[in-house]
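Right, one structure below, let's go through it.
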Amino acid sequence: NVELVVGDVRDEAALGKAMDDVDAVVHLAAVVGVGQSMYEIRRYMDVNTVGCAVMLEQLVARRERIQRHVVASSMSIYGEGQYRNARTGEGGLAPSLRPEAQLAERRWELETATGDALEPERTAESKPLLPTSVYAVSKRDHEELCLSIGAAYNVPTLALRLFNVYGPRQALSNPYTGVAAIFASRLLNGHAPIAFEDGLQTRDFVHVRDVVQANLLALSTPSAAGQKFNVGSGVPASIADIARTQAQAMKLNAQLEDRGEFRVGDIFACYADLEHSRRNLGFQPQVDLLQGMEEFVGW
């Protein structure tokens, strides 16, 4: 029951063919990768931002028929996640990236200008957006373009802010597809996973089946229109946790290799606050990290 139309998201004719006679659009098309985007600037903005604009022109031309539009946004638009001051207890803080001088001293955790430690807390949709890469800027463009056009032309639209998606059939050959794919490739080839910093940076890994669930809910929940929703597991997992869980799933006894190296521009922690998504979208992740990694490495 699926028709596959192969084309470029910037190709008006291909998009028009794909969108004829449909009543909903889920826009997932993008080139991905934070690091790669920083030196392929034009390509990322052309495919992602211009491609989104081309898609929206086709959507507007069919606005009488299209009843729902869902766009894939990204957790990358947050920059660093949300923090609280460990000394004062003040929460809801949105710090900037760690300065390179601090990283050079191997001080990985965030702190205030006066030296107070900052502790990660769940990142809510209300956190200010601080995109720190070309890719992140282009995904913010996706979200803001789609929501504004949806409101202007009365096409019910909502944005899903996807966290670190993994699962069967994800690309393994692209070095920018994420730590789960990179670690799996090393383990399968008998090499230890390599961590930047000390491996204690935290992310939110969400299984692709839970992302599918979120998209189906987005298509079927009328009251969700016009809103932005986090789509993650809601559980922080360190880079070291990912290495251990993958090794466990593969029945290997591999140790994470910590070289103490760092990448300027990396965030320290970001994981999803799912309260808004649970309450207003009905989203509840079903796949925990070990179960998901067992399925991933099995594939």
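The values are calculated or read from the model by the stated rules, or taken from the named source; none is laboratory data. Remember, predicted model here, so these are calculated numbers, not experimental data. Quick reminder, even Gly has a Cβ in these numbers, built from the backbone with ideal geometry, and neighbours come from all protein chains shown. Each accessible area value is taken on the protein alone, full model and side chains, heavy atoms only, with ligands, DNA and RNA left out. Shrake-Rupley method; radii C 1.70, N 1.55, O 1.52, S 1.80 Å.
For Tyr271, the accessible surface of its heavy atoms amounts to roughly 30 Å² (probe 1.4 Å, protein chains only, rounded to the nearest 10). Between Thr88 and Leu216, the FRET efficiency from the beta-carbon distance, with R0 = 51 Å, is close to 0.75. Solvent exposure of the chain amounts to 49 Å² per residue of accessible area, where only protein heavy atoms count and the probe is 1.4 Å.
Only alpha carbons enter this Debye calculation for region 175-258, each as an equal point scatterer, and the log10 of I(q)/I(0) it gives at q = 0.21, 0.22, 0.23, 0.24 Å⁻¹ is -0.97, -1.03, -1.09, -1.16. The residues Trp108, Trp299, sorted by heavy-atom accessible surface at 1.4 Å with ligands and nucleic acids left out, run Trp299, Trp108 from largest to smallest.
With N counted as the residues of region 120-196, its alpha-carbon radius of gyration over 2.2 N^0.38 Å works out to 1.50.
Dividing the alpha-carbon radius of gyration of region 90-238 by the rule-of-thumb value 2.2 N^0.38 Å gives 1.23.
Once C-alpha pairs closer than 8 Å and six or more residues apart are averaged by separation and normalised to the residue number of the chain, the relative contact order reads 21 percent.
Calculation over all alpha carbon pairs of the chain in 10 angstrom steps from 0 returns a P(r) of 6, 25, 34, 24, 9, 2, 0 percent. In region 1-142, the alpha-carbon atoms span a convex hull of 145 Å³ per residue. Ranking Lys251, Lys228 from most to least accessible surface, computed with a 1.4 Å probe over the protein chains only, gives Lys251, Lys228. Restricting the calculation to Cα atoms, region 53-137 shows an Rg/Rh of 1.19 when the hydrodynamic-style radius is the Kirkwood one. For region 159-287, calculate the relative contact order in percent as a whole number, restricting contacts to Cα pairs under 8 Å that are 6 or more residues apart. Relative contact order, region 159-287: 37 percent. Annotation: Val32 carries an accessible surface of approximately 60 Å², with a 1.4 Å probe and no ligand, DNA or RNA atoms counted. Place +1 on the Cβ of every Lys and Arg and -1 on the Cβ of every Asp and Glu in the chain, take the dipole about the Cα centre, and give the residue among Leu103, Val9, Gly81 whose Cα lies farthest towards its positive end. Farthest along the dipole direction, towards plus: Val9. Here the accessible area is traced with a 1.4 Å probe on the protein chains. For region 86-212, carbon and sulfur cover 53 percent of it. For Glu109, the solvent-accessible surface with a 1.4 Å probe is about 90 Å², rounded to the nearest 10.
Taking the chain as the reference, fit the longest principal axis to its C-alpha atoms, fit the long axis of helix 134-152 to the helix C-alpha atoms, and give the angle between the two in degrees, 0 to 90, nearest 10. The angle comes out at about 30 degrees. Using Cβ point charges alone (K and R +1, D and E -1), the dipole size of region 183-299 about the Cα centre works out to roughly 300 debye.
Three principal axis extents of region 205-299 based on alpha-carbon atoms, in descending order, are 48, 34, 18 Å. Of the residues Ala184, Leu162, Leu56, the one whose Cα sits farthest toward the positive end of the charge dipole of the chain, with +1 on the Cβ of Lys and Arg and -1 on the Cβ of Asp and Glu, is Leu56.
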